[in-house]
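Structure record follows, encoded as structure tokens.
The values are calculated or read from the model by the stated rules, or taken from the named source; none is laboratory data. On a predicted model such as this, the values are computed, not experimentally measured, just so you know. With ideal geometry, Cβ positions are generated from the backbone for all residues, glycine too; neighbour counts draw on all protein chains shown. For the accessible areas, the whole protein counts, side chains as well, though only heavy atoms, and no ligand, DNA or RNA atoms are used. Shrake-Rupley method; radii C 1.70, N 1.55, O 1.52, S 1.80 Å.
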Protein chains: 2
Amino acid sequence: MLIGAGNVAHHIGKRFVECGFSISYVISRNIKNANKLTEIIGGVALDSIPNPINSVDLIVISVNDSEYQGIIQKLNPDSNILVLHTSGSIALDVFDGKNFDYGVLYPFQTFSKNREVDFAKVPLFIEAKNEVIYRKIEKIACKLSEKVLNVSSLERSYIHLAAVFACNFVNHLLVEAKDILDKQNIDFSVLKPLIIETINKAMETSPFEAQTGPAIRNDENIIQKHLSLLDNEKQKELYLGISNLIIEKHSKNDKL
Amino acid sequence: MLIGAGNVAHHIGKRFVECGFSISYVISRNIKNANKLTEIIGGVALDSIPNPINSVDLIVISVNDSEYQGIIQKLNPDSNILVLHTSGSIALDVFDGKNFDYGVLYPFQTFSKNREVDFAKVPLFIEAKNEVIYRKIEKIACKLSEKVLNVSSLERSYIHLAAVFACNFVNHLLVEAKDILDKQNIDFSVLKPLIIETINKAMETSPFEAQTGPAIRNDENIIQKHLSLLDNEKQKELYLGISNLIIEKHSKNDKL
């Protein structure tokens with residue numbers, strides 16, 4: 001049974017089915033979303049959790065972070081049913097006091113419904129109520145992905161935080177870069193070889209070693225020229241803020 | 001003749017030789033750097049520009065941005081010699097008043113000496129004193145790369161600015177992400193599939209459409225939790241600054 005029909009529910013549901021699991025129910029307050037997902041992965045679409053919960057071995061909850069607490073509080077399946085949540089930021093203790101088996105299975109990827117993802121390559125971070133349940137979750141996770149790692153709630157929250165920098169914030173910088181090029185009628189695609197090499201270099205050496213650009217050279221002429229080209233105060237602040245962080249980080253290192 | 005022996009000079013020099021050009025001189029104030037490069041690409045290493053300049057058809061200048069003006073002012077080759085600079089930020093008018101043929105050939109990539117780059121895929125942005133010289137430079141550039149584009153000095157300066165966001169600043173965010181993971185003894189490589197998908201999604205759809213994360217959901221709980229996990233005031237400022245830019249950008253769009 002899958003609670004949720006958003007981006008993560010969509011991809012994890014598809015992956016469970018690919019790996020031979022069958023889906024009994026897909027539950028979403030928005031029944032249209034539940035219907036769309038059952039069209040792809042099978043099962044019955046419902047707009048609320050059935051009571052009692054029958055013919056189910058596993059419940060996967062994949063909803064907005066703010067909804068977990070409320071859903072889990074009301075959840076009372078048989079004690080032999082395994083319940084998993086998929087959030088990067090919700091600690092295991094959201095299940096405190098529950099007598100069923102529970103754990104976390106956090107797929108570490110950015111998902112959109114309309115984009116295919118090779119789920120076998122998605123790292124899965126897992127955590128469980130106890131060792132026995134951990135082994136049970138690990139067995140399931142290893143069917144879904146080649147990369148399964150044991151991480152605690154605290155580690156998971158730092159991994160999620162790092163992901164905000166490396167994914168959400170990196171994406172926003174690409175938004176800013178595209179804005180700058182759009183205003184000059186220059187196609188964003190000219191940046192592609194540069195971006196790919198930036199990522200490959202950072203991953204193969206280290207991002208600290210890979211740093212280039214006017215800030216690390218402390219090239220005040222270019223920095224001032226770039227600030228004069230930006231017509232937006234917020235972009236200027238962002239440019240100066242990150243440049244100062246780069247200058248500071250590398251001058252600190254020089255002093256060591 | 002190649003003036004400069006840094007990262008760009010290294011890669012562009014190698015590419016000229018691969019494409020059948022021969023290098024007469026490599027000039028660098030630091031003769032060790034010039035020697036290292038001549039060991040790879042041939043030619044004679046010198047620590048200053050020869051006077052007169054003999055047996056040379058083409059001079060490529062690839063130095064720090066602050067050095068172009070001084071070098072070009074002193075340069076007086078025969079008027080039939082073509083002189084190119086390779087900078088993203090130096091306008092064509094750095095050559096004003098010179099009676100030799102001149103132009104710009106800006107290779108749009110991040111180069112490090114110890115990393116191989118497929119130069120044939122590197123976009124080359126070119127600009128020239130006049131149409132006849134432009135055709136001459138274009139002919140050379142098309143041997144070096146599959147992607148040759150005509151851009152003005154103003155366009156080139158905006159492209160360089162966009163590259164600072166998409167390359168230098170993106171790389172710095174990876175530095176911050178690695179710092180967060182290092183402190184928890186979590187290997188930076190766990191981020192790789194996420195980062196690659198982030199870039200692919202942004203390039204194949206658009207970064208604006210691809211935005212995900214707590215800021216675009218305006219998820220105040222997660223934003224506050226993340227701020228509490230950061231122990232560094234500068235990181236907190238960066239986190240809040242970019243989050244606010246994401247919130248603002250997407251709320252603006254909703255109002256349209």
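Observations on the structure shown:
- 10 Å Cβ neighbours from other chains, averaged over peptide B:238-247: 5
- Within chain A, percent of DSSP bridges classed antiparallel, to nearest 5: 20
- Summary of packing: across the peptides A:133-145, B:157-169, the per-residue average of other C-beta atoms within 10 Å ranks them, highest first, as B:157-169, A:133-145.
- Within 10 Å of each Cβ in B:182-188, the average number of Cβ atoms from other chains: 4
- Residues A:Lys225, A:Lys113, B:Lys183, ordered by accessible area of protein heavy atoms at a 1.4 angstrom probe radius and largest first, appear as B:Lys183, A:Lys113, A:Lys225.
- Among the listed pairs B:Lys121/B:Lys143; A:Lys14/A:Lys192; A:Lys183/B:Lys249; B:Lys178/B:Lys234; A:Lys113/A:Lys201, those beyond 23 Å (Cα-Cα): A:Lys14/A:Lys192; A:Lys113/A:Lys201
- In a reduced charge model with +1 at each Lys and Arg Cβ and -1 at each Asp and Glu Cβ, chain B shows a dipole moment near 320 debye about its Cα centre.
- Taken across both chains, chains B and A shield about 8600 Å² of accessible surface from a 1.4 Å probe.
- The three principal axes of the Cα atoms in segment A:90-218 give end-to-end lengths of 60, 36, 26 Å, sorted in falling order.
- Taking all Cα pairs closer than 8 Å and separated by 6 or more residues, the relative contact order of chain B comes to 12 percent.
- Averaging Cα coordinates gives a centre for segment B:181-208 and one for segment A:165-211; these two points are 12 Å apart.
- Test item: Cα-centred dipole of segment B:51-119, Lys/Arg +1 and Asp/Glu -1 on Cβ, debye: 180
- Cα centroid separation, segment A:66-138 to segment B:9-27: 57 Å.
- Peptide A:214-226 shows a mean partner chain C-beta count of 4 within 10 Å per residue C-beta.
- Working from Cα pairs under 8 Å separated by at least six residues, relative contact order for segment A:113-163 is 42 percent.
- Applying the Karplus relation 6.51 cos²θ - 1.76 cosθ + 1.60 with θ = phi - 60° to segment B:218-223 yields 3J(HN,Hα) values of 6, 8, 4, 4, 5, 4 Hz, where x marks Gly and Pro.
- Relative contact order, percent, segment A:108-255 [alpha-carbon distance under 8 Å, six or more residues apart]: 13
- Square roots of five times the Cα gyration tensor eigenvalues for segment B:111-169, Å: 22, 17, 8
- Estimated vicinal HN-Hα couplings, Hz - segment A:155-169 in sequence order (Karplus 6.51, -1.76, 1.60; Gly, Pro = x): 4, 4, 5, 6, 4, 5, 4, 4, 5, 4, 5, 7, 10, 4, 6
- Taking only the C-alpha atoms of chain B, the Rg (one decimal) and the largest Cα-Cα distance, Dmax (whole number), read 22.7, 70 Å.
- Straight-distance crosslink candidates among aspartates and glutamates, where the alpha carbon sits under 14 Å from A:Lys236 and sequence neighbours closer than 8 are dropped: A:Glu176, A:Asp179
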